[in-house]
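These notes concern the structure reproduced below.
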Amino acid sequence: MTGFEAFFVQLAEDFPRWNFIWLYDEKQAGRILSGLWMTVKLSFACVLFSLVIGIAGAWLQGARNRILRAGVQGYIQFFRNTPPLVQLLFFYFALGQFTPVVTGPDGWTEVPVISAAGWAIISLSFFAGAFNVEIFRAGIEAVPYSTREAAEALGMSRTQTFTNVVFPLALRVSIPALNNNLVNLVKTTTQAFAIAVPELLYESVSVWNDFPSAQNPTMLLLFVVYLGLVGVLVFGMNSWERKMRIPGYGQ
Amino acid sequence: MASNNLPGITGPAGTDLPVLKPYVLSGGTYDEMFLVRWLASIPPQFILLMLLAWPTLALAQTASHGMGDAFAALWRWIPFLTFQGFVFNVVISVFSMLIGTFAGAALGLGQISQNNWLRRLSWGVTQLFRNAPWLVILFIVLLAFPFEIEIFGLVIPVPAWMKAVIGLSLPIMANISEIVRGAVMSVPSAQWEAAEALSFSRTQTLWQIILPQCFKRMIPPWMNWYAILTMATPLCSLLGVGEIITFSRQAMEAENNRPELLVPFFGYALVLFFAYCYPIARITIALEKRFAVKL
């Protein structure tokens, strides 16, 4: 046992309410780390997929086909106007029943193809994606029509205009709102707790259920980790925003 | 194709001329008021139609086996769900808002203080609670707070809903703090200078000139946060606080957990929340239009 670990063992003995068990007990450290890793994976996958959904949705909203546009609109209205918690429960319990099952790693139990974490990623991505579609649409609407006309006059096709002219400009306009939404998404991943995804909140709760003395330190850790995660995201988004600034705009 | 290199987009800009005209962002998601904007955008006629459809739906499905029973079960449970459940949601939201408003106002004023340390501390506290997930805050408060407080030998029990009030008031506090700061920042600096020219002290300027102007500007976002808070009270059900979702679940369990109960019971909760928040949203948007800054 190193001096570092011995210090926390001693601390737990002197102050029974401050048992930093995951700093010296390997098993608990593993649980916290696996929870943290799951939260990071959830956040990363949800951010990525929601951005893809947002871009694709915004592009489809400008489509000529009316049914396609109505479909995207229906999707947005559905996901924007129901709480994410309800969506999670609906996806997991209602749709989860219809997915096929495969034989588990032990060759005996049956596990569904899409795990709880999978459903969390799907439902949270769709939830944040609905907002992203609106954000990107607002950005696309901010691009003057004359710019699009100019691109058309240069002989660009609809796709070329979108990828080379409209989207790069719209993206810059959208970044501040996108920032808000993605921060909200990272915070919403805690609600995956409701369908027992082993993310950080879930693992923390199970640690302090097993070791009540570790309750205060684990709560402190939760706070610090989420602030850190949001901080990393905000820092990255802000520096991206500065790098992509349109010359001649803002201060 | 020449579009591979667009100055200012894929490569360095050759000019400082703007690429875009000044833009105005529209769209419901750009600001934080999207919830009340969406609620208020539903026309009242539409709601009347929905209300008419509700009993019709129940009657139409009485014929088919099961659904009629489910609505009958809901009918039996409605008094319990409303007066034991939803009333608690309202109580939690009102008290949280009350605590959050006072604490948030103090914190917001701290954020514009001239004292460097006070300002930094208030900023830190605001960011801490604004960026932490609501569920994490709720968990921490519900588990870390004692279940009874002893003052001078008098033991006061702290029920779970009281702790939920404290837990929900913390993020509200942080957001109100930002509203206060934003409102004060939105007053033109000429007002400060004019007050200084009239030899008002800083306290006098703040309380007699700046804040009265801010006050009505803060009402719409304040009401928006009240609507968001009310919508967030079902989160407490994850922690076993007795409120409408918890009681709906228990009621469904008492009715043997039949799957056709899900739609009527959760639908009823949805209707209650909507009926409560819709007027708030309408008034919020009306007030926002009335108090809009005219320049």
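So is B:LEU198 at pLDDT 90 or above and surrounded by fewer than 11 Cβ atoms within 10 Å (Cβ to Cβ) or not? The answer is yes for B:LEU198. Looking only at the range B:148-170, decide whether some residue is within 14 Å of chain A (Cβ to nearest Cβ) and of a type outside the set (D, E, K, R). Looking for residues that are within 14 Å of chain A (Cβ to nearest Cβ) and of a type outside the set (D, E, K, R), one finds at least one in the range B:148-170, hence yes.
Just to be sure before I move on: is B:ILE228 without any contact (Cβ under 8 Å) to a residue 60 or more places away in the chain and either within 30 Å of A:VAL224 (Cβ to Cβ) or surrounded by fewer than 18 Cβ atoms within 10 Å (Cβ to Cβ) (or both) in the structure I sent? So B:ILE228 does not fit the description; no. Just one of the listed residues (A:ILE140, A:ILE175) is within 12 Å of another protein chain (Cβ to nearest Cβ), over 23 Å from A:VAL232 (Cα atoms), touching a residue at least 40 places away in the same chain (Cβ under 8 Å) and buried (at least 16 other Cβ atoms within 10 Å of the Cβ), and it is A:ILE140.
Of the candidates A:GLU203, A:GLU149, the single residue that is on the phi < 0 side of the Ramachandran plot, under 19 Å from the mean Cα position of the chain (by Cα), part of a helix (DSSP H, G or I) and charged (D, E, K, R) is A:GLU203.
A:LYS187 fulfils the conditions (1) at the interface with chain B (Cβ under 9 Å from one of its Cβ atoms); (2) open to solvent by less than 10 Å² (accessible area, probe 1.4 Å); (3) not polar (S, T, N, Q) except for a single criterion, (2). Residues that are loosely packed, with under 13 Cβ neighbours inside 10 Å, within 26 Å of B:SER93 (Cβ to Cβ) and within 24 Å of the chain's Cα centre (by Cα) are absent from the range B:163-170 altogether.
Regarding A:PHE167, is this residue part of a helix (DSSP H, G or I), modelled with pLDDT under 90 and crowded, with 21+ Cβ neighbours inside 10 Å?
Taking the combined requirement at face value, the residue does not satisfy it.
Selection of first residues in the range B:115-131 that are away from chain A (no Cβ under 14 Å) and open to solvent by 70 Å² or more (accessible area, probe 1.4 Å) and of second residues that are of a type outside the set (Lys, Arg) and in a helix (DSSP H, G or I), restricted to Cβ pairs under 8 Å at least 6 apart or on distinct chains, gives the following pairs, ordered by first then second residue: B:LEU118/B:GLY110; B:ARG119/B:GLY110; B:ARG119/B:GLN111; B:LEU121/B:GLY110.
When the range A:193-217 is filtered for residues that are facing chain B (nearest Cβ under 10 Å) and in contact (Cβ under 8 Å) with a residue 60 or more places away in the chain, the ones remaining, listed by number, are A:ALA194, A:LEU200, A:LEU201, A:SER204, A:GLN215, A:ASN216. Scanning the range A:83-119 for residues that are closer than 15 Å to A:ASN184 by Cα and touching a residue at least 40 places away in the same chain (Cβ under 8 Å), we see that the one that is surrounded by the most Cβ atoms within 10 Å (Cβ to Cβ) is A:LEU85.
The values are calculated or read from the model by the stated rules, or taken from the named source; none is laboratory data. These figures come from a predicted structure and were not determined experimentally. Glycine gets a Cβ as well: all are built from the backbone with ideal geometry, and neighbour counts include every protein chain shown. These accessible areas exclude ligands, DNA and RNA; they are computed on the full protein's heavy atoms, side chains included. Shrake-Rupley method; radii C 1.70, N 1.55, O 1.52, S 1.80 Å.
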